[in-house]
1. Counting only protein chains, not ligands or nucleic acids, how are Thr519, Thr675 ordered by accessible area (probe 1.4 Å), most first?
2. State the volume of the convex hull built on the alpha-carbon positions of the stretch 349-498, expressed per residue in Å³ and rounded to an integer.
3. Suppose R0 equals 35 Å; then what is the FRET efficiency for Asp529 and Asn480 from their Cβ-Cβ distance, rounded to the nearest 0.05?
4. Any idea of Lys576's accessible area? Nearest 10 Å², probe 1.4 Å.
5. Using modelled amide H (1.01 Å from N, peptide plane; none on Pro or chain starts), what sits under 5 Å from the amide H of Ala446, excluding residues fewer than 5 places away?
6. Report Rg (one decimal) and Dmax (nearest whole number) for the stretch 312-359, counting Cα atoms only, units Å.
7. What full-extension length gain, to one decimal in nm, is calculated for Thr680 and Lys434 as 0.36 nm per residue of separation minus the Cα-Cα distance?
8. Which whole-number value in Å³ per residue fits the convex hull of the alpha carbons of the stretch 419-463?
Amino acid sequence: MLYQRLDYKARSRLIHFFLLQITWDVVLSQLHYIIPEESKHGTFVGRIAQDLGLDIGEINSRMLHIVSRDEKEYFQVIVDKPVQMYRVDVEIEDINDNSPVFPFSVTRLVVSEMKPAGSRFPLKVAADPDLGTNSITNYELSASEYFALDFQKYINQIKSLELVLKKNLDREKQSVHNLTLTAYDGGKPRLSGTTHIIVNVEDFNDNAPVFDQPFYQCSVNENAVEGTLVFKLNATDLDEGRNGEIIYEFSNMVSEEEKEAFTLDKHTGEIRVKGKLDFESVNMYELQVEAIDNGDFQLVGHCKVLVTVVDVNDNPPEMTVTSLSVPVPENSPQGTTVAIISVHDKDSGSNGKVHCYITEPSPFKVNPAFMSDFSLTLNGPLDREVKDEYEVTITARDEGSPSLSTSKTLKIDISDTNDNAPRFIQPVDTVFIKENNPPGSHIYTASAFDPDIGQNSFITYSIRERTIEGIPLSSYISINPENGKVFALVSFDHEQISYFQCHIKATDAGLQALSSNLTLNIFIEDINDNAPTFTPLHSELTIKAPKSAEPGHLITKVKAVDLDSGYNAWTFYKLKDFGGSGKSPFTIAHQTGEITLKRSFTDSDSDEYRLHVVAQDHGEPVMTAEAQIVVSVVESVEELKFDNQETKVTGDEFSDENIYLVVAICVISSIFLITLIVFTVLRWQKYRDEVNELKENYRICSNTGGSWMYSQHTQYNISSNSVRPKSDLIVFTPNNSQTLGNEEQVNPQGVMSNSFYKWSVRCNSTTVAFVPCVPVII
């Protein structure tokens, strides 16, 4: 029986399978069955056991079954061993269940109306999956007097299909043909499929353009301006598309003079004035015009246009420049001849008498020369940097009625001379450089501008050589002569040099070179690169304090020095608490470094304390130093006095050296001050700006940021208990040059008036100080 529904188109015509029995070696016989496609499940196919001559009683015991070559099982038989093999073929018989189908529902053809009768046009055939008589056997075309259908059969199959032209087409009669093509199969019942054929008749150029009349007359004034419409032509063509497109052209019989006088728009047929018309020269034009279509084989229509020129008073003066001397140097003297202008008028009498003048104000004027010639001369000063070119409009007007005139614009370029020196944006500038900069770093760009052009504006930069404390300025900085970039050649140290000045010169490349100067004030800004430093005497310093001392008793005073300046040198003191208990009986003044007793000693207190003093600056990052002071608590006052006597002896030994040092410093400072005053007076006349540098070099109260400046070379002040050694010495020396504040008053010549330095010596039983003060301006 049939196991699945059969579809003839989905598989081979024959389905082969084998019946297996016990024996493997021989195919005993072959069976052949026929069954129509699309048979339903369970349809009877054949009696295998009967046709093979098998005993019905053996079928169950031998377990007869089917082995099919296809992936799907369409048949099922249940048989068991012993095994023998038989071949069974099942033929699936086709039925007519498919209609013919064309690949396209609409087929479009374009056929020229010039195609001859008998022309053939191939068509796509239809497809039918059925076979034999159920496949396509015939085609039919709808009735048409122009087209027929032709096809050939090969082995009862139609492989090619052609549309045949029966007679010539005429687009003007019928431009589109609609046909219907039908395909039939040979089945029962007969099935069919259709497609629509649309034939568009392509136009052929078989009609020439025609003007609405063969001859035209028109007129135009001789003073008509270019573009004036003279006449508009009109022609038509019965063809369509490209064959009906018309362009207008002058015939080759039209002379070049006539083509220079008139233009013909090839699309609109408009004749317009192109050149100057002159009744005195030509009073009538005869123009031959052609209308040409755009077909492959162009057809032409002809007409004639007669143009009459109407006379008017149309002869304005004619002006030409016979000589023009440009460019004009900007330093040209007044009266220089710039151009020679010739003026001519074809008219005679008063109509030919011409006056020439400049219409707008300018540094030029027109002067009569000879006969009808005029000269254009310079009538004022020129400055190329203000205006580098002039457009001078010269008008020539006759004395006719109405008066006619002609204008001509001359472009006069002004050439440059080197009359401008390079200019800096400002004559003085300031730059700040942080110390420890990398050598070769870019610190400033000098920029000057020269309003001249060409080589007169090409600027090179240089630095005027000078020395700074005996060292050439070129050892510190350099400048790129082309772009003005200033580079630091060394890594600056604020503690060695905090300010210097340089003069940058900008020079142009003119034949007579001009230059200008820029004064650059360079400040070296301090960074926190020095930690505070305690005196070596603080290393393992032992101080004795009486156990009976009251709170506030001065134990000792420490001093640390920071070579930096400003906040970077502002020292802050504190005690490091190693125990973490916070019960130390000592405290320290954060600003002065004085170590005092904050509470009385008790019996539970230790006899010896090791104080770790930390000196910390205010820079970023913070830098610190540490010193250790040993405080020994003694019971006996005699021990304390004995210790003080030793300290006093040591102080007396140092006292003489202190006096000598103070005297030496005073002498050296006096000599330096006298030398400074003499040097300032000698240089005052030639280098006035050096005074400003001196002001900057000795200002110590504020740095460039306005912060309080601490001494860079402060010595150490150490005292024990309440008795301070007489030999202590504190020396304050000024930092290097700093920027003066805005409150300084400078006279117009840039020289400080009545400036002097005030020095003071402060002496008492414990301290001698040598303090240079800020310059006082009176």
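The values are calculated or read from the model by the stated rules, or taken from the named source; none is laboratory data. Model, not experiment: these values are computed from the prediction. Ideal geometry is used to build each Cβ from the backbone, glycine not excepted, and the neighbour counts take in all protein chains shown. Note: accessible area is taken over every heavy atom of the protein model, side chains too, but ligands, DNA and RNA are not part of it. Shrake-Rupley method; radii C 1.70, N 1.55, O 1.52, S 1.80 Å.
1. Descending accessible area places them as Thr675, Thr519.
2. Numbers: hull volume 22.1 nm³, N = 150.
In the stretch 349-498, the Cα hull volume divided by residue count equals 147 Å³.
3. On the way: r = 29 Å, r/R0 = 0.83.
Efficiency at R0 = 35 Å is approximately 0.75.
4. 90 Å²
5. Long-range HN contacts for Ala446: Lys485, Val486.
6. Cα-based Rg and Dmax for the stretch 312-359 come out at 14.9, 49 Å.
7. Working: separation 246, 0.36 × 246 = 88.56 nm, distance 2.95 nm.
That pair, Thr680 and Lys434, stretches by 85.6 nm at full extension.
8. Working: hull volume 4.4 nm³, N = 45.
Residue-normalised Cα hull volume stands at 97 Å³.
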